[in-house]
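The values are calculated or read from the model by the stated rules, or taken from the named source; none is laboratory data. Since the model is a prediction, treat every value here as computed from it, not as a measurement. Note that we place each Cβ from the backbone using ideal geometry, even for glycine, and neighbour counts take in every protein chain shown. The protein model used for the area step is the full one, side chains on, heavy atoms only, and it has no ligands, DNA or RNA in it. Shrake-Rupley method; radii C 1.70, N 1.55, O 1.52, S 1.80 Å.
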Amino acid sequence: MIEQVPAVITAEKLRKEFGRVVALRGVSFQVPASTFFTIFGRNGAGKSTLLSIISGMAAASSGVIRVFGEDPAARTQRHRLSVISHESFLYDNLTALENLEFYGKLYSVQDLKERTHHVLRQVGLHHRRFDLVRTFSRGMLQRLTIARAILHNPDLFLLDEPFTGLDQHATEMLIGLLETLKAQGKTILLTTHDLHIGLRLSDQYMILERQQVVETGSASGLTEDALREKYFSLISSGEAGQ
Amino acid sequence: MSVIWAIIRKDFQMEFRTKDSVTAMWIFSLLIFVIFNFTFEVSRLLMLQISPGLLWVAFIFSGMLGLNRSFQVEKENGNLRSLALTPADPGLIYFGKFFSTTLFTLIFEALIFPLFIIFYDIHLSLLTLWIIPIAILGTIGFTSLGTILSAVAIHTKQQQILLSLLLWPMITPIIIWSVKTTGDVLAGDLSTAFQPVIIRMIVFDVIFTTISYLLFEYVVQE
């Protein structure tokens, strides 16, 4: 008998409109616990809007969204999720340690002092803890962003194009950190238009095109070439339909 | 309380480190006092009538600079969004920003008030102490609205213009009352209208601080 893995995120017929502009059209999907789930799509496909709704920062115009079984707008599960984007969410004129201590207080992290030192060691920035964030390179910034994101030990990570602007070295380092989180059994939802990285990390994937789901599937056994072919054929058929 | 305190501490840490706001506010206030002092060659009586307005021009315009800077740092790396994503009550986040801006503005006002006394030859008496509650009430009225409207304006490209357009009409009553009561205090003559105006200022502050606290959650949502 196959054990049913509970879904961390459940979306049913999500629709989002900004005035006349439709940002999502009836999007439905599920993300099981401890899964690395990637949403592929072009700019404007609706990826960031979807993440905003999942994080509770925006409300859907219609449809149902549940995160850990609850409406994310209710804020009750905020301590269980973390958002990482191409923005660092860090204060340039605070030190790495001060940034983490500040966010730790907002998340009511227990044993904050020990925890901040622990996560700084985890991302290899402990030796720079007293340095102002504005002196950090892009790669170091992204590592500190990860440290901020894992500080309160969340169960769900929402990653909105986190590789934007990173060089090769910083990208590899971020992939390494994400693989560690995946190995720890965390649920990770990534949005990206980078098929190579997305496929490398994913257990499951979904393709958003013209604000709707056009493909979902398992990434297991899927080659990059096969995904690329599928992705571009779906995009070109979408363009043809426009 | 720890959320409010964390935000106040963070804002003061950054300001003491960069001194971005305080430098701009200091230069601006000094310019106002110097320029107007040499522009108006009038009798002491007339100067007493003009000086409350000049004092509040310095307070409010430099306060605007501080307010803009305070929210600029929340915009730079998407920080306001990250604050809204935490489990912290948005109302507490509002109070954190509100108290930090208010405290910072009040400290700055306390620093520039001696300059005002020197430049405009203000005679001090026990009555002058009334300036303290007037400054507190006027500043709270300004920062309570300024904090929420800054959070609204932060999402726009023309942040400073929009903030001015939204804020000035709304704070006009509290500025008028602040100038009027300051004038009474400096003239050493607390008229019969003084106390009712102070009560109006308290009511204004309570109403707009409460409304801003209740609405902040919707302002920080996308």
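Data table
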read-out	value
Hey, A:Ile39 assigned to a strand (DSSP E or B) and either more than 9 Å from chain B (Cβ to nearest Cβ) or open to solvent by 20 Å² or more (accessible area, probe 1.4 Å) (or both) or not	yes
Output for region A:63-97, where each listed residue is over 23 Å from A:Val213 (Cβ atoms), within 13 Å of another protein chain (Cβ to nearest Cβ), small (Gly, Ala, Ser) and crowded, with 18+ Cβ neighbours inside 10 Å	A:Ser82, A:Ser88
Residues that are without any contact (Cβ under 8 Å) to a residue 12 or more places away in the chain and either farther than 14 Å from B:Ala88 by Cα or under 14 Å from the mean Cα position of the chain (by Cα) (or both), drawn from region A:72-89	A:Glu87
Residue in region A:105-114 that is nearest to B:Ala88 (Cα to Cα), counting only those that are within 9 Å of another protein chain (Cβ to nearest Cβ) and assigned to a helix (DSSP H, G or I)	A:Leu106
Count of region B:1-14 residues which are facing chain A (nearest Cβ under 9 Å) and either of a type outside the set (A, V, I, L, M, F, W, C) or open to solvent by 40 Å² or more (accessible area, probe 1.4 Å) (or both)	5
Residues of region B:92-145 satisfying the condition of being open to solvent by 60 Å² or more (accessible area, probe 1.4 Å) and not in a helix (DSSP H, G or I)	B:Asp121, B:His123, B:Leu124, B:Ser125
Residue among A:Ser108, A:Ser85, A:Ser52 that is out of contact with any Leu (no Cβ under 7 Å at 6 or more places or on another chain) and at positive phi	A:Ser108
Subset of region B:15-36 [in contact with a helix residue (DSSP H, G or I) (Cβ under 8 Å, 6 or more places away or on another chain), open to solvent by 40 Å² or more (accessible area, probe 1.4 Å) and either away from chain A (no Cβ under 14 Å) or modelled with pLDDT of 80 or more (or both)]	B:Val22, B:Ala24, B:Trp26, B:Phe28, B:Leu30, B:Val34, B:Phe36
Considering residues of region B:56-80 that are part of a helix (DSSP H, G or I) and within 7 Å of chain A (Cβ to nearest Cβ) only, the residue nearest to the chain's Cα centre (by Cα)	B:Val73
Subset tally (residues that are assigned to a loop (DSSP other than H, G, I, E, B), within 13 Å of another protein chain (Cβ to nearest Cβ) and of a type outside the set (Gly, Ala, Ser)) for region A:43-62	1
Residues of region A:201-214 classified as in contact with a Phe, Trp or Tyr (Cβ under 8 Å, 6 or more places away or on another chain) and either within 22 Å of A:Ser237 (Cα to Cα) or part of a loop (DSSP other than H, G, I, E, B) (or both), total	7
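Rundown of residues vs (1) without any contact (Cβ under 8 Å) to a residue 60 or more places away in the chain; (2) at negative phi; (3) not in a helix (DSSP H, G or I), yes/no style:
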| residue | (1), (2), (3) |
| --- | --- |
| A:Pro154 | no, yes, yes |
| A:Phe157 | no, yes, yes |
| A:Pro162 | no, yes, yes |
| A:Leu166 | yes, yes, yes |
| A:Thr171 | yes, yes, no |
| A:Ile175 | yes, yes, no |
| A:Glu179 | yes, yes, no |
| A:Lys182 | no, yes, no |
| A:Leu199 | no, yes, no |
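Every residue, every condition in (1) surrounded by 19 or more Cβ atoms within 10 Å (Cβ to Cβ); (2) modelled with pLDDT of 90 or more, yes or no:
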site: B:Pro173; (1), (2): no, yes
site: B:Trp177; (1), (2): yes, yes
site: B:Thr181; (1), (2): yes, yes
site: B:Asp189; (1), (2): no, no
site: B:Ala193; (1), (2): no, no
site: B:Pro196; (1), (2): no, yes
site: B:Ile202; (1), (2): no, yes
site: B:Ser212; (1), (2): yes, yes
